Amino acid sequence: MRATVLVRPKAGILDPQGDAVEHSLRKLGFDVSGVRVGRVVDLEVEADDEDTARAQIEKMCHELLANPLIESFEVRFGES
Amino acid sequence: MSTRPQVSIVRFLGSNDDHDAAWALGSVGAEPAFVWHEDAELPPSTGAVVLPGGFSYGDYLRTGAMASLAPAMAAVRRFAEAGGPVLGICNGFQILCEARLLPGVLRPNRQLEFVCEDAMVEVENARTIFTRRCAPGQQLVIPIKHGEGAWYADHGTYVQLAARGQIVLRYAEDVNGSFANVAGVVNAAGNVMGLMPHPEHAVDPLLGSADGGLLLAALVDAAAEHALAVA
């Protein structure tokens, strides 16, 4: 089963990368604010249903893909 | 048989201060030994462990995240749980935080620039096994060189750590956006420490400062004591 994990800097956590990107976008003339930069992990797991897959992926997030001190994650199915 | 206390230095793919650490530890009386990241055990005569600086696994995912899962780190965890002294320098600090052997996490510098300069660091807790050769409040000149050295913990955690004396070193001024200028922390048991500054680059006055030698010599003392305690 194919899934996508979105890892984001938690709300309230300083994101210097997002700030730098926002700064550059403004230099290009875009009226933009609140830019945050995260990470996308596409993966495939052996699972019969989404609940089983989700449980496996959440374990992966807790153990490696995200650091709970500073990052939140979201698991999505059915995206290319 | 060597009478010098053995300090084991774990080398990961991408470690690059391993030889500097070995040389510096040797200069303050240790017998350095290298351990490969795939080794499942530390040498039996290990009195202390150093996780050196570098860019293990290319800093993939998050700095220290991949290295924290290496087989050698399971051995380091057992060593630490048995009371063995462990010092993580720079990438080693990042690895210890990702392994959750130390509180907090190291994040990209606020200025998003790699900093490479001498830093003034103050000893906040001189009672740890790592800082007992220093005086409380002593200012040390030790180089920093990192892109992701901003230590972070939530405010509640920070307050607890500070109250327990676990904030060991602070920068005298803001160098990277580190929370409350924290430069080094120790675990609750007092035997695992991490710091972003590089004491192994400050053991000879000819190179600008010998202040790092105070921390490394204290680690060698601790290595000798631990080796005696488990003998």
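Couple of notes before you dig in:
- Estimated Rh, the protein assembly as shown: Kirkwood, alpha-carbon pairs, angstrom: 20.3
- When both the range B:126-163 and the range A:10-49 are represented by their alpha-carbon centers, they are found 31 Å apart.
- Using all pairs of distinct alpha-carbon atoms, the Kirkwood hydrodynamic radius of the range B:1-67 works out to 12.4 angstrom.
- Gap separating the Cα centres of the range B:177-231 and the range A:50-80, nearest whole Å: 36
- Mean ellipticity per residue at 222 nm, deg cm²/dmol - from DSSP H runs of n ≥ 4 across chain A, formula -39500 (n - 2.57): -9000 deg cm²/dmol
- According to the Cα-based calculation, Rg over Rh for the range B:112-156 is 1.06, with Rh computed by the Kirkwood formula.
- Summarised in one figure, the compactness ratio Rg/Rh of chain A, Cα atoms and Kirkwood Rh, is 1.09.
- Diffusion coefficient, µm² s⁻¹, Stokes-Einstein with Kirkwood Rh over alpha-carbon pairs of chain B at 25 °C and 0.890 mPa s: 144
- Chain B, helix-only ellipticity at 222 nm - DSSP H runs n ≥ 4, -39,500 (n - 2.57), divided by all residues, nearest 500: -7500 deg cm²/dmol
- Apolar share of the accessible surface for the protein assembly as shown: 53 percent from carbon plus sulfur atoms, 1.4 Å probe.
- Across the range B:1-151, the relative contact order, built from alpha-carbon pairs under 8 Å that are at least six residues apart, equals 19 percent.
- The mean accessible area for residues of chain B, using a 1.4 Å probe and ignoring ligands and nucleic acids, is 40 Å² per residue.
- Exposed loop positions in chain B were taken to be GluC sites (Glu not before Pro) whose DSSP state is not H, G, I, E or B and which have at most 15 other beta-carbon atoms within 10 angstrom. Between these positions, the longest stretch is B:42-112.
The values are calculated or read from the model by the stated rules, or taken from the named source; none is laboratory data. None of the values given here were measured: they were computed from a predicted structure. Virtual Cβ from ideal backbone geometry, glycine too; neighbours counted across all protein chains shown. For the accessible areas, the whole protein counts, side chains as well, though only heavy atoms, and no ligand, DNA or RNA atoms are used. Shrake-Rupley method; radii C 1.70, N 1.55, O 1.52, S 1.80 Å.
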